[in-house]
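Structure record follows, encoded as structure tokens.
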Amino acid sequence: MFDRLTGTQPAPPWWLVGIAGLVALAAVAHGPTWRLARNVVTIAHEGGHALVALLTGRKLDGIKLHSDTSGVTVSRGKPHGPGMVFTAMAGYLTPPLLGLLFAALLAGGRITLMLWFSLLLLAGMLVMIRNAYGALSVILTGAVVFAVSWFGGSTVQAVFGYLAAWFLLLAGARPVVELQRMRTRRMAPSSDADQLAHLTGVPGLFWVTVFGLVALLSLVAGGALLFPDGASTPGV
């Protein structure tokens, strides 16, 4: 097991990397599929809030995930200051940055490590889940990752890993667009961006822009890591 985790695995052919990217793009762009797949983004979003809350010394009370793909992370500590600001920032930044981290691991051939690192994050999050739907979402996601990492061959693991990385990278921007649409319609008065505006005095639109730029830059950098060099892709 240690050798599998620390060793490297071969990347799939360039055309499989491209297909994984197209499937991930379709999952983000297709409405019905997105409504289901967005649960994964919510897990990453709320997990980001929780992790940063702990890292900044706040006490984490729990996480709830809901069937409408919304979620809430409750932590205790100072109601203002850097810890609260970083905790509020983390939600929308985590999915694309996690996708970028996965892309870096995959570029280094650490496919199995990437899958088991995902399981570790999900296990840590499961401990803090405080509702049945949230527990079910995390357990099912973890079960899929475990099944692929334990029973899947090297090609299956590689394709799944690339699909997951592409999805997080591509899915990073759509929630930001949805957030601003809801803010424009005054349907999200307590959004992360508006909480940051209250905490810092900087307008919420600025924070939405920051979320969008991080998502875009992560996609560009992650895509460069995931897709092989042109020299190794015949005809591309």
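Observations on the model:
- Sub-9 Å Cβ pairs linking a first residue in segment 147-166 that is within 19 Å of V41 (Cα to Cα) to a second residue that is open to solvent by 60 Å² or more (accessible area, probe 1.4 Å) and assigned to a loop (DSSP other than H, G, I, E, B), at least 6 apart or interchain, are Y162/A11, ordered by first then second residue.
- Search result, residues across segment 176-208 that are closer than 30 Å to M114 by Cβ and surrounded by fewer than 19 Cβ atoms within 10 Å (Cβ to Cβ): V177, E178
- Enumeration of residues in segment 63-77 that are in contact (Cβ under 8 Å) with a residue 12 or more places away in the chain, open to solvent by 40 Å² or more (accessible area, probe 1.4 Å) and either within 13 Å of Q195 (Cα to Cα) or in a loop (DSSP other than H, G, I, E, B) (or both): H66, S67, S70, G77
- A158 meets the conditions (1) open to solvent by 70 Å² or more (accessible area, probe 1.4 Å); (2) part of a helix (DSSP H, G or I); (3) at pLDDT below 95; (4) touching a helix residue (DSSP H, G or I) at 6+ places or on another chain (Cβ under 9 Å) in every case but one. The failed one is (1).
- Residue in segment 109-129 that is most open to solvent (accessible area, probe 1.4 Å), counting only those that are under 16 Å from A164 (Cα atoms) and assigned to a loop (DSSP other than H, G, I, E, B): R110
- Set side by side, the residues A37, A90, A53, A20 differ, and just one is within 19 Å of V127 (Cα to Cα) and open to solvent by less than 30 Å² (accessible area, probe 1.4 Å), which is A53.
- The one condition in (1) outside any helix (DSSP H, G or I); (2) within 28 Å of G204 (Cα to Cα); (3) open to solvent by 20 Å² or more (accessible area, probe 1.4 Å); (4) not basic (K, R) that A11 fails to fulfil: (2)
- Qualifying residues in segment 130-155 (those that are under 24 Å from I19 (Cβ atoms) and aromatic (F, W, Y)) - the one surrounded by the fewest Cβ atoms within 10 Å (Cβ to Cβ): F151
- A single member of L60, L5, L25 is modelled with pLDDT of 95 or more and either surrounded by fewer than 18 Cβ atoms within 10 Å (Cβ to Cβ) or aliphatic (A, V, I, L, M) (or both), and it is L25.
The values are calculated or read from the model by the stated rules, or taken from the named source; none is laboratory data. Not measured: the values here are computed from a predicted model. Reconstructed Cβ throughout: ideal geometry from the backbone, glycine too, with neighbour counts over all protein chains shown. What goes into the accessible areas is simple: the full protein's heavy atoms, side chains included, and nothing from ligands, DNA or RNA. Shrake-Rupley method; radii C 1.70, N 1.55, O 1.52, S 1.80 Å.
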